[in-house]
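Report on one structure; see the data block that follows.
Taken together, the values in this text are just the output of simple stated rules run on the coordinates, not laboratory data. Just so we're clear, the structure is a prediction, and the values are computed from it rather than from any experiment. Glycine also receives a Cβ, built like all others from the backbone with ideal geometry; neighbour counts cover every protein chain displayed.
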Amino acid sequence: MAEIHDECGVFGIYAPETCDVARSVYYGLFSLQHRGQESCGITVNDDGLFTSYKDLGLVNDVFTKQNIERLGLGNAAIGHVRYSTTGMTDRINAQPIVVNHTKGRMAIAHNGNIVNSYRLRNDLEEQGSIFQTTSDTEVISYCIIKERLTSGSIEEAVNRAMYKLKGAYSLVVMSPSKLIAVRDERGFRPICYGKRDDGSYIVASESCALDAVGAKFIRDLDPGEIVIFSKDGVRSIRDHCGKQPKSMCVFEYIYFSRPDSVLDGAGVHAARIRAGEFLALTHPVNADVVIGVPDSGLDAAVGYSRASGIPYAIGFIKNKYIGRTFIAPGQKSREDRVKIKLNTIADEIKGKRVVLVDDSIVRGTTSKRIVSLVFEAGAKEVHMRVSSPPFIDCCYYGTDIDSKENLIACSHSVEEIAEIIGATSLGYLSVDDVKKIANGNPEGFCTACFDSNYPTEIPTGTKNRFEQKISEGNKDNGETREGEKKDE
């Protein structure tokens, strides 16, 4: 399933009157860039006329001043940042997706993965649907449109479609007259909304994006909730709330989210501090300095230092102009990026016993290189501490862990991994402790990639033609305009 898994960020705005909504989405996506660096897109609604632009690349590169101006003014807009796993780095998979149908049109952007995608897609194809992309998002859009043809409103169609969708989906959906935010029944991925002084409502994957556009946080969506923004105000549909136990992805706190975000009432920065404190209690060591691996290892390093009493120091300088190695498709690409991503501050390391704190070890390649850098800077010992448990299984909900064969913890013990990466010692956060890092409450988290306890069915079926790479001939200038308004 590597070719259709992605971890993304979504953003939406509904304004009381026509304004430069595209620029607001641009700033929102810029603040969510950490969630996806492969492609991005924006769709603007100007009284039912949809204008879109999307392409491969970073937000700042894709959305030049000219491209933003092309999108024009509107009263609503949605946006998306995306990355995929190995393969399928193709512009046609960029979002939002715009679909025209007999009752109007719809734009949709999605974060997560649905586990029954194969089954739904095959059923839709047998009924005549023709797919243009390899993403789950198009499957979701077709499910909604199918329901829309026999329902009285777009929100009713979304509500009906949710009975068919299984897995992780935080959505922003836009019709000619409404903006809709959706969170799946288990709340795998975060989504929240806020309001600006000008009366505009903002929807975003993380609260940091609300801050970026001057919106005051109102609340997170509850698992299973549908929130509708329109000229009539804000209302909620809760038919799916409380139907399933909550299963928020705990890796959002460990790695994905920005430290200044607050997810479901728990600050990401505080959660990472707490993870470091747990590590210090469960894996103590005699050392001279604690350093963190930028970026998501820094807060955990501070927590380790506080709990252990070992001084904290800045041991690495990060090149800010290169993306996350975890996102880079292909092993060779990951190795090349590590070499230029980090450099040590030798004065803080030379002659010292170092506690090195990082957020995870997936394949071991990056960790081996980082440990080597610390020894090259003159460290006497390097004791690696990891603020997540060992990865032992695949993720089916949108994280870039699609195959057990590449997970080092599946075939090696902790002691063997320490030897492979060259560390003096190695300690992981336990599964029990990782569940406690967000406000200390161990309930309501998905830890399947750490313990194989999946909260949903496991995807079944074989790969078929829709997963094959789409022709390079689909690349164009990225701009489309869609039709005239039909009321919802």
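Miscellaneous remarks
- Once the chain from residue 101 to residue 443 is taken as fully extended at 0.36 nm per residue, the excess over their C-alpha distance is 118.9 nm.
- Residues of region 3-45 with an amide N closer than 13 Å to a point placed 7 Å from the Cα of residue 318 along the Cα-to-Cβ direction: 33-35.
- Residue-count net charge about residue 404 - beta-carbon cut-off 14 Å; Lys, Arg +1, Asp, Glu -1: -4
- For 241, 40, 8, order by how many other beta-carbon atoms lie within 10 Å, fewest first: 241, 8, 40
- Report note on the peptides 219-225, 147-153: ranked by the mean count of other C-beta atoms within 10 Å, highest first, their order is 219-225, 147-153.
- Extended-chain gain in nm, criterion 0.36 nm per residue less alpha-carbon gap, residue 27 and residue 432: 142.1 nm
- Rounded to 0.05, the FRET efficiency of the residue 414 and residue 457 pair, given R0 = 25 Å and the Cβ-Cβ distance, is 0.20.
- 13 Å beta-carbon shell around residue 216, net charge (K/R +1, D/E -1): 0
- The chain, relative contact order in percent, only Cα pairs under 8 angstrom and at least six apart counted: 17
- As a proxy for reagent exposure, ranking 289, 10 by other Cβ atoms within 10 Å from fewest up yields 289, 10.
- Here region 106-176 is treated with +1 on each Lys and Arg Cβ and -1 on each Asp and Glu Cβ, and its dipole about the Cα centre works out to around 120 debye.
- Dipole magnitude for the chain: computed about the Cα centre from +1 point charges on Lys and Arg Cβ and -1 point charges on Asp and Glu Cβ, it is near 300 debye.
- For peptides 205-213, 410-418, sequence by mean Cβ density within 10 Å, most packed first: 205-213, 410-418
- Angle between the chain longest axis and helix 136-148 axis [Cα atoms, degrees, rounded to 10]: 30
- FRET E, pair residue 405, residue 156, Förster distance 60 Å, beta-carbon r, rounded to 0.05: 0.85
- Theoretical ellipticity at 222 nm over the chain - DSSP helices of four or more residues, -39500 (n - 2.57) apiece, nearest 500: -7000 deg cm²/dmol
- Cα long-axis angle, helix 268-282 against the chain (0 to 90 degrees, to the nearest 10): 30
- Remark: spin-label model distance residue 347-residue 64 equals 4.3 nm, labels positioned 7 Å along the Cα→Cβ axis.
- Once the Cα atoms are used to define both axes, helix 117-126 deviates from the longest principal axis of the chain by about 30 degrees.
- Farthest toward positive dipole pole in region 171-252 [+1 Lys/Arg, -1 Asp/Glu at C-beta], among 242, 221, 193: 242
- Selected from 141, 93, 304, residue furthest toward positive end of dipole (the chain; charges at beta carbon): 304
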